[in-house]
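Derivation of every value follows stated rules applied to the coordinates shown; laboratory data play no part. Source: prediction; values computed, not measured. Cβ: placed from backbone, ideal geometry, glycine included. Neighbour counts: every protein chain shown.
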Amino acid sequence: MSPQEKPKTITKPGIDTSKVEKIIQNYIENNGNALTILQSVQESFGYLPFEVIEHISERIGIPLGKMYGIATFYAQFKFHRRGKYIIQICDGTACHVKGSMLLEEFITKELGIKPTETTSDNLFSLEKVACFGCCAIAPVVFINKDVYGNLTPAKLKKIFKKYRRMEATP
Ligand code: FES
């Protein structure tokens, strides 16, 4: 299909098709490539929705397999919907020894999500990552760009309250 042909409709709820069209137009105008498209999709949606990648692949003629080959090569790309706050819990040895499993259990109990999942209000996502390089303050959790060290479930509870308060404040 040529990029100029009328697009098929994306049926997945919550996908803003005007964002998809912008990405395609940008690709056409700037002579982009598969990597820049994937970056734009992630920037717009926070992850790579399958329907969007499939749609763009058809529109611009880059095979879906190639798009996914590139997407799976780079750790920056995510395949699951992500919340406003990305909780990254360190899975490194020092954090493990200092109780990161307790933190993970607490997060699952408190927010009802396991790694790779997002809360139903789209506020928090949980991810496990390798050592952050700040083992001296293990166990460590990042929430977006904020670093929290020497954590316990009780401290984490207060931190979540802070984020919820921020959301409740107009
Ligand atoms: S093991 Fe967690 S920061 Fe290094």
Exercise for the section: Scan 99, 61, 65, 83 and give me the residue that is away from the ligand (no atom under 16 Å from the Cβ), on the phi > 0 side of the Ramachandran plot and either crowded, with 16+ Cβ neighbours inside 10 Å or more than 18 Å from the chain's Cα centre (by Cα) (or both). Expected result: 61
Exercise for the section: For residues that are surrounded by 13 or more Cβ atoms within 10 Å (Cβ to Cβ) and either more than 19 Å from residue 84 (Cα to Cα) or polar (S, T, N, Q) (or both), scanning just the range 106-122, find the one that is farthest from the ligand (Cβ to nearest atom). Expected result: 122
Problem - Near pairs, Cβ below 6 angstrom, 6+ apart or cross-chain, from the range 17-28 (closer than 15 Å to residue 42 by Cα) to any residue that is among the small types (Gly, Ala, Ser) - result: 19/44; 23/40
Handout entry: Unique match (being within 16 Å of the ligand (Cβ to nearest atom), out of contact with any helix residue (DSSP H, G or I) (no Cβ under 9 Å at 6 or more places or on another chain) and not in a helix (DSSP H, G or I)) among 142, 132
Key = 142
